[in-house]
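Notes for the one structure printed next.
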Amino acid sequence: MARMPVNGIRLNVEVSGSGPALTLLHGFTRDAREWEPLLPEWPGFRLVSVDLVGHGRSDAPPDASRYTMAHAADDLAAVLDALGIGSTALLGYSLGGRVALHFALSHQQRLWALVLESASPGIADPAERAARRQSDAELADSILRDGLEAFVDGWQAQPLFASQSRLPAAVLAGERRRRLENSPVGLANSLRGMGAGAQDCLLPRFTELRVPALFVAGALDGRYAALARSMAGEAAGSEHRIIEGAGHTTHLERPREFAAAVGEFLGRHAPQLQDKGLVSK
């Protein structure tokens, strides 16, 4: 674990392994530990897991203006610079996927592959986006008013995560415990500045993507499965993979299938790994 100075704040960054870089970005309310069970599935990579601003062990600035997708993308570029990484594959889940997409469009020269899991390109309809921004602001207010525990319990009870009910109780308890370790201010400001309502719709810019891209979603999450297909249709040469028996958090609900899909994709775009037989096909 290392708290790294980045653009006036400190971000927690976990690094392991060696080889081509693979950088991992977690979802809202989680942190770099989200990826720990999967790291052994991707040998031959230098694995970089980052706690996004306001999450985990990273700083949670009180100024909500510090929480933007542009800032998050620039912070990630600064992390790579500090680690001496010129080019990386980038895997992002949900919020992390939206950050990864912004990074791909603003720092594409730093990527050799892009994987988005259960991520949205943004809300196209301006009225719907404005309504979502308002609901995100109200949810942020509720975190500070009612406390983190009430928020986390409500967050985990969303229909979006209904398919997780089949997971062992110990896994769900661990998810709750780690979410409760976050800063209330950090989560509230993340909703205000980096929520879906604060993000422009980036789908019209997908023609700019030239990096190999994979869009992953769970078959039980119809909305995001449709988004994965839609995004793959807009980015030339990209692919999508729908994981059966999984909902929104595919990597948690079907970890082996998710890890295999990602590993196979990355193996095809990292010739040095393929030649050495370090990534399974």
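Computed from Cα positions, the angle between helix 222-234 and the longest principal axis of the chain comes to roughly 50 degrees. Within the listed set Ala73, Ala131, Ala261, the residue fluctuating most in the Gaussian network model of the chain (springs between alpha-carbon atoms under 10 angstrom) is Ala131.
Looking at the chain, the DSSP beta bridges with both ends there are about 25 percent antiparallel. Relative to the dominant Cα principal axis of the chain, helix 126-146 is inclined by about 70°.
Quick one: which of 148-158, 11-21, 203-213 comes out on top by average Cβ neighbours within 10 Å, and what's the full order, highest first? Walk me through the intermediate numbers first.
Values: 148-158: 15.0, 11-21: 18.5, 203-213: 17.0.
Highest-to-lowest ranking by the protection proxy: 11-21, 203-213, 148-158.
Net charge near Ala236: determine it from the other residues with C-beta under 13 Å of the C-beta of Ala236, scoring Lys and Arg +1 and Asp and Glu -1. Summing Lys and Arg as +1 and Asp and Glu as -1 gives -1. In whole Å, what is the distance between the alpha-carbon centres of region 57-103 and region 213-267? If we compute the Cα centre of each part, the gap is 21 Å.
Over the residues of the chain, compute the C-alpha Rg and express it relative to 2.2 N^0.38 Å. Provide the component values of the computation, followed by the final result.
Working: Rg = 17.5 Å, N = 281, 2.2 N^0.38 = 18.7 Å.
This ratio for the chain stands at 0.94.
Near the amide H of Met4, within less than 5 Å, lie the amide hydrogens of Leu11, Asn12, Val13, all on another chain or at least 5 residues away, with H placed in the peptide plane.
Net charge in the neighbourhood of Ser58 (other residues with Cβ under 13 Å of its Cβ; Lys, Arg +1, Asp, Glu -1) is 0. Computed over neighbours whose Cβ is under 11 Å from that of Gly27, the net charge equals -1, Lys and Arg +1, Asp and Glu -1. In this structure, the amide hydrogen of Thr23, modeled 1.01 Å from its nitrogen in the peptide plane, lies closer than 5 angstrom to those of Val48, Ala89, Leu90, Leu91, counting only residues at least 5 positions away or on a different chain.
Bear in mind that the values in this text are calculations on the coordinates, not laboratory data. Quick caveat: nothing in here was measured; it's all calculated off a predicted structure. As a convention, Cβ positions derive from the backbone with ideal geometry for all residues, glycine included, and neighbour counts pool all protein chains shown.
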